[in-house]
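The structure that follows is given in the form of structure tokens.
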Amino acid sequence: MLLERLRAIVGSAHVITDPLTMRSYTTDWTGRWQGEAAAVVRPATTEEVSTAVAACYDRRIPITAQGGNTGLVGGAIPAAGSIVLSTRRLNSMDTIDPIGRTIAAGAGVTVAEADDAASKHGLRFGIDLASRDSATLGGIVATNAGGIRMVRHGNTRAQLLGVEAVLSDGAVLSRWSPLVKDNVGYDLPGLLAGSEGTLAIVTKVLMKLTTPAPETQVVLAGVGTIAAALGLCDRMRRHGLTIEAAEIMTAEGVTLVCSHSDARDPFAQPSPLYALLEISSPGNTEAAVLEVLSQLADTMDDAVVEPGPARKLWQIRESHTECISRASSTPVVKLDVAVPLPAMSKFIAALEAALAAEFSEVTPILFGHFADGNIHVNILDVPPDVSDAITGRVFEIVAAHHGSISAEHGIGRAKKSWITLGRSPVDIRLMKQIKSTLDPRSILNPDVLLPLAPADSAHT
């Protein structure tokens, strides 16, 4: 039997079949996506992953790789009969090279653990997420995560130098080079970044580290329009300042956070929008920031400046996801989208108007990394029977403004029905060809990202 073989590979304690224990692996963080699995397997080494995957390949058993299970699109939730392959025990912190500024670590290491290890050498991990304590390095590679520092350091793909990964037949791919100039053949680590576990199972990563700014200033500015927020970012940059992070929140979102947490609005009077910027510079950052704010005083309702890390100001932004989930009477429809910066104001206006006219019973809360064009559309109190209709309507508006239906969370299960809004038939055909080449039996996360061809479903 397969389960006996898997127990021999990873140990009986690490093959979980109890339904109650498996629940945390088969239900996503939002509660919206629930799946079923034959077992959860927890390997501790690449060799164990390889042998376990080969055993599933021989039997044509689907595998869903899962890290911290912090995804928001159902990408790590298994279908019935699948094996969940958890990478949490692949948590070795192998090496940090402070000269080359790289980190080599297991896929199960969390973002917070990677950053903590880097900080001991005076460096930082370039990806930062609100889910940093749970999100794993394998997970951020699988989704090509961006996060709050993307405006400064780029997404995961931009910081990924190498991977060790297990292919669908158990073969181990090791593309591992700390060189920033290594232009030999295809960028295989880059291909796996954003592949959502459909091409291979990442077991180790080699990533760049960054040098932290000596000091930062955090600005929370109340503004009336998206244009004013973008203008604030632009003026800071033109003044020679570096934007480390740039977030946008609405009055409705800030009010919700303040009512469901101990966060407090720092302004006596609310503003329609709140821009949260973290800023650095080679010189006196505070003086430079205050100078820019004084020049733009007539475009802002109010502003407050605090030295970084300014955790109370950041708490307002980072509490959004948790507080939104608490406030909604149904699982939140979470749609991570991006639009070109010049179109952002019109996109938000069109979105809010359409939701108010067509789905008046729901409550939209918007926030996100606006300097990247990334808006997280959260829709609360959505009746289950209109969830797909709302999702489709939002994506239509995104497409009409030449945006992307997935900025950083991936496609997963949630968005694969709408992938044609973001990729041409040629794109999709090529992606399917890549999938069939690397995973000819379609056992790696087969229900995610791309629709299955009828022949691919034979193993189910």
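Please state which of the following conditions Ala371 fails to meet, knowing it meets all the rest: (1) out of contact with any Lys or Arg (no Cβ under 9 Å at 6 or more places or on another chain); (2) closer than 18 Å to Thr321 by Cβ; (3) surrounded by 22 or more Cβ atoms within 10 Å (Cβ to Cβ).
That leaves (2) as the condition not met.
Tally the residues that are buried (at least 21 other Cβ atoms within 10 Å of the Cβ) and either at positive phi or touching a Leu at 6+ places or on another chain (Cβ under 9 Å) (or both), restricting the search to segment 20-29.
Residues that pass the stated criteria total 1.
Condition (residue is over 22 Å from Val292 (Cβ atoms), among the aliphatic types (A, V, I, L, M) and in contact (Cβ under 8 Å) with a residue 60 or more places away in the chain) applied to segment 188-195: is it met by at least one residue?
For segment 188-195, residues over 22 Å from Val292 (Cβ atoms), among the aliphatic types (A, V, I, L, M) and in contact (Cβ under 8 Å) with a residue 60 or more places away in the chain: present.
From the list Leu137, Leu161, exactly one residue is in contact with a strand residue (DSSP E or B) (Cβ under 6 Å, 6 or more places away or on another chain) and surrounded by fewer than 21 Cβ atoms within 10 Å (Cβ to Cβ). Which is it?
Leu161
Same structure, new question: So, of the residues in segment 287-334 that are hydroxyl-bearing (Ser, Thr, Tyr), in contact (Cβ under 8 Å) with a residue 40 or more places away in the chain and not in a loop (DSSP other than H, G, I, E, B), which turns out to be surrounded by the most Cβ atoms within 10 Å (Cβ to Cβ)?
Residue satisfying both the conditions and the ranking: Thr321.
Something else about it: Just to check your reading of the model, which residue among Glu396, Glu408 is crowded, with 17+ Cβ neighbours inside 10 Å and among the acidic types (Asp, Glu)?
Glu408
Continuing with the same structure: Taking segment 94-127 on its own, how many of its residues are free of Cβ contacts under 8 Å to residues at least 40 places away in the same chain and either on the phi > 0 side of the Ramachandran plot or assigned to a strand (DSSP E or B) (or both)?
1
Oh, and also: Among the residues of segment 309-334, how many are among the hydrophobic types (A, V, I, L, M, F, W, C) and modelled with pLDDT under 95?
Of the residues in segment 309-334, 2 are among the hydrophobic types (A, V, I, L, M, F, W, C) and modelled with pLDDT under 95.
For segment 80-97, indicate whether the set of residues that are surrounded by 22 or more Cβ atoms within 10 Å (Cβ to Cβ), outside the structural domain of Asn374 (by TED's automatic domain parsing), closer than 30 Å to Ala8 by Cβ and under 16 Å from the mean Cα position of the chain (by Cα) is non-empty.
No, every residue in segment 80-97 fails to be surrounded by 22 or more Cβ atoms within 10 Å (Cβ to Cβ), outside the structural domain of Asn374 (by TED's automatic domain parsing), closer than 30 Å to Ala8 by Cβ and under 16 Å from the mean Cα position of the chain (by Cα).
Filtering segment 43-75 down to residues that are at pLDDT 95 or above, of a type in the set (A, V, I, L, M) and surrounded by 22 or more Cβ atoms within 10 Å (Cβ to Cβ), which residue is nearest to the chain's Cα centre (by Cα)?
Ala65
State yes or no: is Ile103 modelled with pLDDT of 95 or more, under 12 Å from the mean Cα position of the chain (by Cα), within 21 Å of Ala200 (Cβ to Cβ) and crowded, with 24+ Cβ neighbours inside 10 Å?
Spelling it out, it is not the case that Ile103 is modelled with pLDDT of 95 or more, under 12 Å from the mean Cα position of the chain (by Cα), within 21 Å of Ala200 (Cβ to Cβ) and crowded, with 24+ Cβ neighbours inside 10 Å.
Inspect all residues belonging to segment 30-37 and state whether any of them is in a strand (DSSP E or B), touching a residue at least 24 places away in the same chain (Cβ under 8 Å), among the small types (Gly, Ala, Ser) and more than 28 Å from Ala407 (Cα to Cα).
Yes: one or more hits.
The values are calculated or read from the model by the stated rules, or taken from the named source; none is laboratory data. Computed from a prediction, not measured in an experiment: that's the story for all the values here. Cβ sites come from the backbone with ideal geometry, for glycine too, and all protein chains shown count toward neighbours.
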